[in-house]
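Here the structure comes first, spelled out in structure tokens, and everything after it is commentary.
The values are calculated or read from the model by the stated rules, or taken from the named source; none is laboratory data. Bear in mind the structure is a predicted one, so any value in this text is a computation, not a measurement. As a convention, Cβ positions derive from the backbone with ideal geometry for all residues, glycine included, and neighbour counts pool all protein chains shown.
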Amino acid sequence: MNPGMINTEKSKLIRVILIIFYSVGIAGISSEATRDLFKSLTPLALLLSLLVIFIYHKPSNLKKEIIFFISVFAAGFLIEAFGVNTGRVFGTYSYGNGLGVKVFGTPLLIGINWVLLVWCTAVIVEKTAIPALIKILFASSVMVLYDVIMEQVAPVMNMWSFDEGNPPLRNYTSWFLIAVIFHSLLKLAGIKPVNRIAPFVLFIQAMFFIILIIFFKIAS
């Protein structure tokens, strides 16, 4: 078996594992008897996604990429910390315990979430033959769409909730602007993201949240 076929089979296996993992998560959260337990495993799911993406990471410039990852993690976390403590970025909201350990009222994993989303969406648009500006805007729009999905289930998952109930418009405009900045920096750094599993990770996470949204809508 040649290396290409081995990599293809490995990718299929990883996809199957992710599907099973998130399917079990959906089943666990759908049951009242196990809901709290599976909610507490949300950080594990995020870290698993990060691990899978790192396994398939194909560096174009490792030094630049490490600096970029650290920068997005730090900036994403600090923006969220400032936002949750002042209400000036995304609106007035607070984090629950669903994303694990918090510093300044902000989960450390939220920085990892920014890294994952920026990288996954960048990988998606990198293969397209469209101008750099359109890539930046499209990738940022995909990130906002993902946030729209997450916002519907975040309170139920004890991740975060807005004081007003629903997220204000500026939550999404801020998300878009921040995403544009991150994707612009990626382009300016000359980094070309390549990762054959990243689009699937983003897709399976989105489907996970969509199915939960449908379940909780029906259950209510």
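Can you name the condition, by its number, that L99 falls short on among (1) outside any helix (DSSP H, G or I); (2) aliphatic (A, V, I, L, M); (3) loosely packed, with under 13 Cβ neighbours inside 10 Å?
Of the numbered conditions (1) outside any helix (DSSP H, G or I); (2) aliphatic (A, V, I, L, M); (3) loosely packed, with under 13 Cβ neighbours inside 10 Å, the odd one out for L99 is (3).
For region 178-195, give me each residue that is touching a residue at least 24 places away in the same chain (Cβ under 8 Å) and either in a helix (DSSP H, G or I) or within 23 Å of I149 (Cβ to Cβ) (or both).
Residues satisfying the conditions are I178, A179, V180, F182, H183, S184, L185, L186, K187, P193, N195.
Which one is nearest to V194 (Cα to Cα), of the residues in region 79-137 that are basic (K, R) and in contact with a Phe, Trp or Tyr (Cβ under 9 Å, 6 or more places away or on another chain)?
The residue in question is K102.
Does A132 qualify as being of a type in the set (G, A, S), touching a helix residue (DSSP H, G or I) at 6+ places or on another chain (Cβ under 8 Å) and over 21 Å from F82 (Cβ atoms)?
Yes, satisfied.
Is it true that some residue in region 152-163 is touching a Phe, Trp or Tyr at 6+ places or on another chain (Cβ under 9 Å), part of a helix (DSSP H, G or I), of a type outside the set (K, R) and within 30 Å of A219 (Cβ to Cβ)?
Yes, region 152-163 has at least one match.
What pairs come up if the first residue lies in region 8-29 and is touching a residue at least 12 places away in the same chain (Cβ under 8 Å), the second is assigned to a helix (DSSP H, G or I) and surrounded by fewer than 16 Cβ atoms within 10 Å (Cβ to Cβ), and their beta carbons are under 6 Å apart, counting only those six or more places apart or on different chains?
I29/R35
Of the residues in region 158-185, how many are aromatic (F, W, Y) and surrounded by 19 or more Cβ atoms within 10 Å (Cβ to Cβ)?
3
Considering only region 68-113, state which residues are within 21 Å of I191 (Cβ to Cβ) and either touching a residue at least 40 places away in the same chain (Cβ under 8 Å) or small (G, A, S) (or both).
Passing the criteria: F68, F69, S71, V72, F73, A74, A75, G76, I79, G111, I112, N113.
From the list L137, L188, L212, which residue is at pLDDT 95 or above and surrounded by fewer than 16 Cβ atoms within 10 Å (Cβ to Cβ)?
Going through L137, L188, L212 in turn, the sole match is L188.
Only one of V118, V148, V125, V144 is in a helix (DSSP H, G or I), on the phi < 0 side of the Ramachandran plot, touching a residue at least 60 places away in the same chain (Cβ under 8 Å) and among the β-branched types (V, I, T). Can you tell me which?
Among V118, V148, V125, V144, only V118 is in a helix (DSSP H, G or I), on the phi < 0 side of the Ramachandran plot, touching a residue at least 60 places away in the same chain (Cβ under 8 Å) and among the β-branched types (V, I, T).
Which ones in region 31-51 are in a helix (DSSP H, G or I) and either under 16 Å from L109 (Cα atoms) or at pLDDT below 90 (or both)?
Within region 31-51, K39, T42, P43, L44, A45, L46, L47, L48, S49, L50, L51 meet the criteria.
Sort out which residues of region 55-66 are of a type outside the set (K, R), surrounded by 14 or more Cβ atoms within 10 Å (Cβ to Cβ) and modelled with pLDDT of 95 or more, and write them in order of number.
Selection gives E65 alone.
Inside region 57-69, can you point out the residues that are closer than 17 Å to H183 by Cβ and in a helix (DSSP H, G or I)?
K64, E65, I67, F68, F69
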